[in-house]
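What follows is a short report on a single structure.
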């Protein structure tokens, strides 16, 4: 199984838990561009993009997220986490595979 398919399979049953539980979606990025601008472009209403640790981002999530985090750390280097926006927040986990492909997972959180 290729890495994107494997990550998608792990993420499919999981939801990012917040005031609105949202599924994870896999995405692929152009490796030639910097990650934060691309991440911000995926969330047009974002006023800023904040980088956080993957552990901090997933701190209040269920145990399934720990298995996902472990696999992401094995598959992507470096594994980075970003939050974009206020109240309706785009959540990103992104990194680069050994063959140079930039990929990640995106979800949403609502924090009022």
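Things to note:
- Any hit, the stretch 56-63, residues being within 11 Å of residue 16 (Cα to Cα) and not in a loop (DSSP other than H, G, I, E, B): yes
- Residue in the stretch 1-24 that is farthest from residue 102 (Cα to Cα), counting only those that are touching a helix residue (DSSP H, G or I) at 6+ places or on another chain (Cβ under 6 Å) and in a loop (DSSP other than H, G, I, E, B): 14
- Among the residues of the stretch 36-65, those that are crowded, with 16+ Cβ neighbours inside 10 Å and modelled with pLDDT of 90 or more comprise 54, 57, 58, 61, 65.
- Residue match in the stretch 1-10 (condition: closer than 19 Å to residue 67 by Cβ, loosely packed, with under 13 Cβ neighbours inside 10 Å and at pLDDT below 70): yes
- Only one of the numbered conditions (1) modelled with pLDDT of 90 or more; (2) part of a helix (DSSP H, G or I); (3) closer than 20 Å to residue 8 by Cβ; (4) more than 11 Å from the chain's Cα centre (by Cα) is violated by residue 69, and that is (4).
- Being at pLDDT 95 or above, in contact with a strand residue (DSSP E or B) (Cβ under 6 Å, 6 or more places away or on another chain) and surrounded by 15 or more Cβ atoms within 10 Å (Cβ to Cβ) is true of residue 15.
- Residues located in the stretch 90-104, provided they are assigned to a strand (DSSP E or B) and without any contact (Cβ under 8 Å) to a residue 24 or more places away in the chain: 95
- Any hit, the stretch 72-79, residues being crowded, with 20+ Cβ neighbours inside 10 Å, assigned to a helix (DSSP H, G or I) and modelled with pLDDT of 85 or more: yes
The values are calculated or read from the model by the stated rules, or taken from the named source; none is laboratory data. Remember, predicted model here, so these are calculated numbers, not experimental data. Because the Cβ atoms are built from the backbone with ideal geometry, glycine has one as well, and the counts that use them run over all protein chains shown.
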